[in-house]
Amino acid sequence: MTTGSLTVVGLGPGNPDQMSPEAAAAVTVAEDFFGYFPYIDRLNLRPDQRRHASDNREELARARTALEMAAGGGKVCVVSGGDPGVFAMAAAVCEAIDEGPALWREIDFSVVPGITAMLAVAAKAGAPLGHDFCAISLSNNLKPWDVIEKRLVAAATAGFVMAFYNPISKARPHQLGEAFDILRAHLPGTVPVIFGRAAGRPDEAIRIVPLAEATGDMADMATCVIVGTAETRLIERENRRPIVYSPRYFRGAGA
Ligand code: SAH
């Protein structure tokens, strides 16, 4: 039996101009599309291209179904928003291959990168990721909250800028506020916090507040939150949003 192909494609944060030509080409050649409804809806599929949209929480099941179809000879595309390797489908497909039948290793597997949310949000604010940084998903669906708490303290005390993905959801309304409380014990209240909502989409909103004033209700599920360090700076401007940046050098203020 001829095995097919499975490409995991990153669609970028939402603005079609921020989807790479490589991603667009991968979408053109594929026949079957798997992904979360809103991402599949973003594609301009031809009538001969089949949609297999599913709910957000079914990532591993979706990966397995996509792999089965590729193992049977299909040209399969699995889509993610942003970059597919950042808290998204590429790792889910790898987990499924790792645990799945040997045949799945013969599939022509590839990953096409995309602009991840923190990069889209950072670009809107200036250069907050100009120094060392890390990305943390605040969702405790796949890891315990106490691990997240430890990582927050470790990152804050080591002087990393932090980008929070999945900051809040209806099932987890309190976590972002708790995360800010933890950070306030380790970082100055003046540290800039950027709330980047729906970056690259028509309803985009960017808000910058000092850590002392940051609250959980300033974010929703479509928000990526970037927390600076004691070194992160604001350039105030008249009638414009300030520019936020983290200098490339380290002079040892706080951290
Ligand atoms: N693979 C995606 C991330 C998936 S996790 C990526 O690389 O961007 C989902 C989280 O990503 C959301 O809860 C939010 O924190 C963030 N996110 C996704 N798209 C976003 C956008 N356009 N603007 C701001 N944050 C976004």
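The values are calculated or read from the model by the stated rules, or taken from the named source; none is laboratory data. Fair warning: this is a prediction, and the values are worked out from it, not measured in the lab. Please note: Cβ atoms are built from the backbone with ideal geometry, for glycine as well, and neighbour counts cover all protein chains shown. Just so you know, the surface numbers come from the protein's heavy atoms only, side chains and all, with ligands and any DNA or RNA stripped out. Shrake-Rupley method; radii C 1.70, N 1.55, O 1.52, S 1.80 Å.
Look through ALA154, ALA158, ALA163, ALA125 and report the one residue that is of a type in the set (A, V, I, L, M) and closer than 21 Å to GLY10 by Cβ.
The unique qualifying residue is ALA163.
Taking ARG64, is it open to solvent by 10 Å² or more (accessible area, probe 1.4 Å), out of contact with any strand residue (DSSP E or B) (no Cβ under 8 Å at 6 or more places or on another chain) and closer than 17 Å to GLY4 by Cβ?
On the way: open to solvent by 10 Å² or more (accessible area, probe 1.4 Å): yes; out of contact with any strand residue (DSSP E or B) (no Cβ under 8 Å at 6 or more places or on another chain): yes; closer than 17 Å to GLY4 by Cβ: yes.
The answer is yes for ARG64.
Taking the condition of being part of a helix (DSSP H, G or I) and either surrounded by 14 or more Cβ atoms within 10 Å (Cβ to Cβ) or within 14 Å of the ligand (Cβ to nearest atom) (or both), how many residues in region 182-216 meet it?
The number of residues fulfilling the criteria is 5.
Collect the residues in region 156-174 that are at pLDDT 95 or above, more than 9 Å from the ligand (Cβ to nearest atom) and open to solvent by 10 Å² or more (accessible area, probe 1.4 Å), keeping them in residue-number order.
The answer is THR157, ALA158, GLY159, PHE160.
I need every pair where a residue in region 189-216 that is over 18 Å from TYR245 (Cβ atoms) has its Cβ under 8 Å from the Cβ of a residue that is hydroxyl-bearing (Ser, Thr, Tyr) and within 13 Å of the ligand (Cβ to nearest atom), sequence separation at least 6 or different chains.
As it stands, the answer is ARG197/THR223; ALA198/THR223, since those pairs meet every condition given.
Name the residue, out of ALA30, ALA66, that is more than 23 Å from the chain's Cα centre (by Cα), closer than 28 Å to CYS224 by Cβ and among the small types (Gly, Ala, Ser).
Of the residues listed, the single one that is more than 23 Å from the chain's Cα centre (by Cα), closer than 28 Å to CYS224 by Cβ and among the small types (Gly, Ala, Ser) is ALA30.
Kindly indicate the residue of region 116-136 that is touching a residue at least 40 places away in the same chain (Cβ under 8 Å) and part of a strand (DSSP E or B) and also most open to solvent (accessible area, probe 1.4 Å) among those meeting that condition.
PHE133
Would region 26-35 turn up any residue that is of a type in the set (Phe, Trp, Tyr), away from the ligand (no atom under 16 Å from the Cβ) and open to solvent by 10 Å² or more (accessible area, probe 1.4 Å)? Full working, then the answer.
First, pick out the residues of region 26-35 that are of a type in the set (Phe, Trp, Tyr): 33-34.
Now narrow it down to the ones that are away from the ligand (no atom under 16 Å from the Cβ): 33.
Subsequent filtering for residues that are open to solvent by 10 Å² or more (accessible area, probe 1.4 Å) retains none.
No: region 26-35 contains no residue that is of a type in the set (Phe, Trp, Tyr), away from the ligand (no atom under 16 Å from the Cβ) and open to solvent by 10 Å² or more (accessible area, probe 1.4 Å).
Say we look at region 217-244 and pick out the residues that are under 17 Å from LEU183 (Cα atoms) and either modelled with pLDDT under 95 or not in a loop (DSSP other than H, G, I, E, B) (or both); which of these is farthest from the ligand (Cβ to nearest atom)? Don't jump to the end; show me each part of the working.
Initially, region 217-244 is screened for residues under 17 Å from LEU183 (Cα atoms), giving 217-219, 224-232.
Applying the additional criterion that residues be either modelled with pLDDT under 95 or not in a loop (DSSP other than H, G, I, E, B) (or both) yields 217-218, 224-227.
Working: ASP217: 15, MET218: 13, CYS224: 3, VAL225: 7, ILE226: 10, VAL227: 13 Å.
The selected residue is ASP217.
With the requirement that a residue be surrounded by fewer than 19 Cβ atoms within 10 Å (Cβ to Cβ) and under 18 Å from the mean Cα position of the chain (by Cα), what does region 96-115 give you?
PRO113, the sole residue that qualifies.
If you scan region 82-115, which residues turn out to be in contact (Cβ under 8 Å) with a residue 24 or more places away in the chain, within 16 Å of the ligand (Cβ to nearest atom) and closer than 14 Å to THR7 by Cα?
Residues satisfying the conditions are ASP83, PRO84, GLY85, ALA88, MET89, ALA90, ALA92, VAL93, VAL111, VAL112, PRO113, GLY114.
If you take the residues in region 1-22 that are among the hydrophobic types (A, V, I, L, M, F, W, C) and not in a strand (DSSP E or B), which one is nearest to ARG105 (Cα to Cα)? Reasoning before the result, please.
Applying the first criterion (among the hydrophobic types (A, V, I, L, M, F, W, C)) to region 1-22 yields 1, 6, 8-9, 11, 19.
This time we only want the ones that are not in a strand (DSSP E or B), so: 1, 11, 19.
Details: MET1: 14, LEU11: 25, MET19: 28 Å.
Taking the candidates together, the pick is MET1.
Yes or no: PRO38 surrounded by fewer than 18 Cβ atoms within 10 Å (Cβ to Cβ) and within 14 Å of the ligand (Cβ to nearest atom)? Break it down into steps so the answer makes sense when it comes.
Working: surrounded by fewer than 18 Cβ atoms within 10 Å (Cβ to Cβ): yes; within 14 Å of the ligand (Cβ to nearest atom): yes.
Here the answer is yes, as PRO38 does meet what is asked.
Check whether at least one residue in region 27-44 is modelled with pLDDT of 95 or more and among the hydroxyl-bearing types (Ser, Thr, Tyr), and report yes or no.
Within region 27-44 (the criterion being modelled with pLDDT of 95 or more and among the hydroxyl-bearing types (Ser, Thr, Tyr)), the answer is yes, since at least one residue qualifies.
Is it true that some residue in region 73-80 is in contact (Cβ under 8 Å) with a residue 40 or more places away in the chain, more than 16 Å from the ligand (Cβ to nearest atom), open to solvent by 20 Å² or more (accessible area, probe 1.4 Å) and not aromatic (Phe, Trp, Tyr)?
Of region 73-80, the ones in contact (Cβ under 8 Å) with a residue 40 or more places away in the chain are 73-80.
Right, trim to more than 16 Å from the ligand (Cβ to nearest atom) and you get 73-76.
Okay, now just the ones that are also open to solvent by 20 Å² or more (accessible area, probe 1.4 Å), so 73, 75.
Add one more test, that the residue is not aromatic (Phe, Trp, Tyr), and what stays is 73, 75.
Yes.
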